[in-house]
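What follows is a set of notes on a single structure, which appears directly below.
Here, each number is a calculation from the coordinates, and none is a lab measurement. Worth saying up front: this structure is predicted, and the values here are computed from it rather than measured. We place every Cβ from the backbone using ideal geometry, glycine too, and count neighbours over all the protein chains shown.
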Amino acid sequence: MTTDPATPNPSPCITLFTVGFTGKTAKDFFETLKLSGVRRVVDIRLNNVSQLAGFTKKRDLEYFLRVIADINYVHERDLAPTKEILDDYKKKRIDWNEYENRYRRLIEERQPAKGLKPEDFDRACLLCSEPTAEHCHRRLAAEYLNEAWGNVTIVHL
């Protein structure tokens with residue numbers, strides 16, 4: 001098949017996973033990542049030294065990912081919410097719709113997709129603490145990256 005040189009090649013499809021660790025044992029968490037073929041965990045929590053689950057503190061998580069599953073780790077704060085947005089939601093000063101609106105405005109201002117490489121996110125997994133993606137900024141971040149880059153298949157683990 002011949003392609004027209006004037007027609008740009010479509011960007012390759014990227015598979016982007018998301019996962020939360022709350023309610024998961026370390027065994028379930030690491031096996032899920034490994035069996036899914038995750039190559040890199042992109043931690044998008046504001047605070048990555050949280051005590052919510054001991055195995056997800058930055059230094060421990062980075063070590064466990066490498067040793068258990070040969071997965072790289074990076075903390076990407078540009079995809080994290082601000083302390084103000086997070087606190088307002090946790091303290092019920094705003095509802096989920098307002099949280100989502102404020103987070104989306106924040107991401108549009110920051111424009112992290114411009115400084116990130118799509119190829120670094122193929123088979124990467126956005127990490128946060130929420131047990132499901134429905135009311136978590138990791139879903140919003142994944143949707144933002146898909147809008148910015150296109151051709152992103154999002155899989156919530």
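Odds and ends about this structure:
- Computed per residue of the chain from DSSP H runs no shorter than four, each worth -39500 (n - 2.57), the mean residue ellipticity at 222 nm is -11500 deg cm²/dmol.
- Anchor K91: lysines whose Cα lies under 19 Å away (excluding residues fewer than 8 positions away in-chain): K83
- Distance in nm between pseudo-label sites at Q111 and L157 (7 Å out along the Cβ direction from Cα): 3.2
- Viscosity 1.567 mPa s, 4 °C: Kirkwood-radius Stokes-Einstein D of segment 107-149 over Cα pairs, µm²/s: 116
- Segment R66-E31, length gained on full extension (0.36 nm per residue, minus Cα span): 11.3 nm
- All Cα-Cα separations within the chain were binned at 10 Å from zero, giving a P(r) of 10, 39, 33, 13, 4, 1, each value a whole percent of the pairs.
- Peptides ranked, highest mean first, by Cβ atoms within 10 Å: ranges 61-69, 36-44: 36-44, 61-69
- Of K24/K57; K27/K58; K27/K117; K58/K117, those spanning more than 24 Å from alpha-carbon to alpha-carbon: K27/K117
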